[in-house]
Amino acid sequence: MAERSNKNIITGIAIAIAIGGFIAWAGSDGGSRTGGLPVFALCGALAFVINWLAFVPAVLTQTERYYDLVGGITYITTMSVAVILSGDLDLRAMLVAAMVMLWSLRLASFLFRRILKSGNDSRFDEIKNRPLRFFLAWTLQGLWVLLTAAAALAVITGNTRVPLGAAGIIGTGIWLIGLLVEVVADNQKSNFKNDPANNGKFISSGLWAWSRHPNYFGEIVLWGGIALLALPVLKGWQYATLISPVFVYLLLTRVSGVNLLEEKADQRWGGQDDYEAYKRRTPVLFLKPPGDSAAD
């Protein structure tokens, strides 16, 4: 059984690297090169290498404390390298680079402060003492960075430069809305949990009365805004980088986000009248003004 499990993990690692390799190749289509190598592909490789290097001290000490912080560092580093190696950049390229860096700095610092306070991340309780599975988690974080930032990297490293235009302005606005929703939702939940009077309770106020996971909704929206910003300058295989918001949606709703939190919430509050009423009237993800009618 253990041997089969290890084979599955190794297969997962290989698939993650293969997907990353394909996106790196596609995003490099017609893009900038340095030393004969595509800048996009170099940034993609860097996303994995940073996380593999961080895995070494993490597995030796069996800690996940720096996992999210390293994720933020990976975003900032890959964006910085792309900017430095891509030559002359226009407003669109500088804008998407700043967007990704600002978002990653905010989220990584928020998550790092949270884990310092809580002391652990329950997602890693069963894997941080199993090196191969732990390595898979760090590999997947490298893939996460590459896939989510792919459209932004294509803009920065690509050779097509056009005025910002309507799509650029609208995309920027969508990104701002998504970021605002995510930041407000995170702060509302943090303030709620920090109040001793709310110990053992679930949050159902503020944006959390509009959605059971408004922070995730905001994150999906902001990556959609970056994809719209990128759309006018993509060409050929670069269109594959539009997987960014689709990947974020699937990740947060099907893999490590909504479904896990919904399961934990049901285990803790399931069957309570107030919680069941909250679930009936509040959508899982998309924002909906609070009312008395049941959510779809």
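The values are calculated or read from the model by the stated rules, or taken from the named source; none is laboratory data. The model shown is predicted, which means the values in this text are computed figures rather than measured ones. A quick note on method: Cβ atoms are made from the backbone with ideal geometry, for glycine too, and the neighbour counts reach across all protein chains shown. Quick note on the areas: whole protein, heavy atoms, side chains included, nothing else; ligands and nucleic acids left out. Shrake-Rupley method; radii C 1.70, N 1.55, O 1.52, S 1.80 Å.
From the set of residues in region 254-267 that are open to solvent by 20 Å² or more (accessible area, probe 1.4 Å) and touching a residue at least 24 places away in the same chain (Cβ under 8 Å), which is farthest from M79 (Cα to Cα)?
Residues of region 254-267 that are open to solvent by 20 Å² or more (accessible area, probe 1.4 Å), as a first pass: 254-256, 259-264, 266-267.
Still in the list and also touching a residue at least 24 places away in the same chain (Cβ under 8 Å): 256, 260-262.
On the way: S256: 25, L260: 30, L261: 30, E262: 33 Å.
Filtering first and then ranking leaves E262.
Please go through region 62-117 and give me each residue that is assigned to a helix (DSSP H, G or I), open to solvent by 70 Å² or more (accessible area, probe 1.4 Å) and farther than 21 Å from V184 by Cβ, ordered by number.
Within region 62-117, the first condition is being assigned to a helix (DSSP H, G or I), and the residues that meet it are 67-85, 91-117.
Narrowing the set further to residues that are open to solvent by 70 Å² or more (accessible area, probe 1.4 Å) leaves 73, 84, 91, 94, 102, 105, 113-114, 116-117.
Within region 62-117, I73, I84, L91, M94, L116 meet the criteria.
Counting only residues that are crowded, with 23+ Cβ neighbours inside 10 Å and among the hydroxyl-bearing types (S, T, Y), which one in region 200-244 is farthest from V284 (Cα to Cα)?
It comes out as T241.
Mind checking which residues of region 45-54 are crowded, with 17+ Cβ neighbours inside 10 Å and either in contact with a Ser or Thr (Cβ under 8 Å, 6 or more places away or on another chain) or polar (S, T, N, Q) (or both)?
The answer is L46, A47, F48, I50, N51.
Considering only region 118-136, state which residues are of a type in the set (A, V, I, L, M) and either part of a loop (DSSP other than H, G, I, E, B) or surrounded by 21 or more Cβ atoms within 10 Å (Cβ to Cβ) (or both).
Residues of region 118-136 that are of a type in the set (A, V, I, L, M), as a first pass: 127, 132, 136.
Residue satisfying the conditions is I127 alone.
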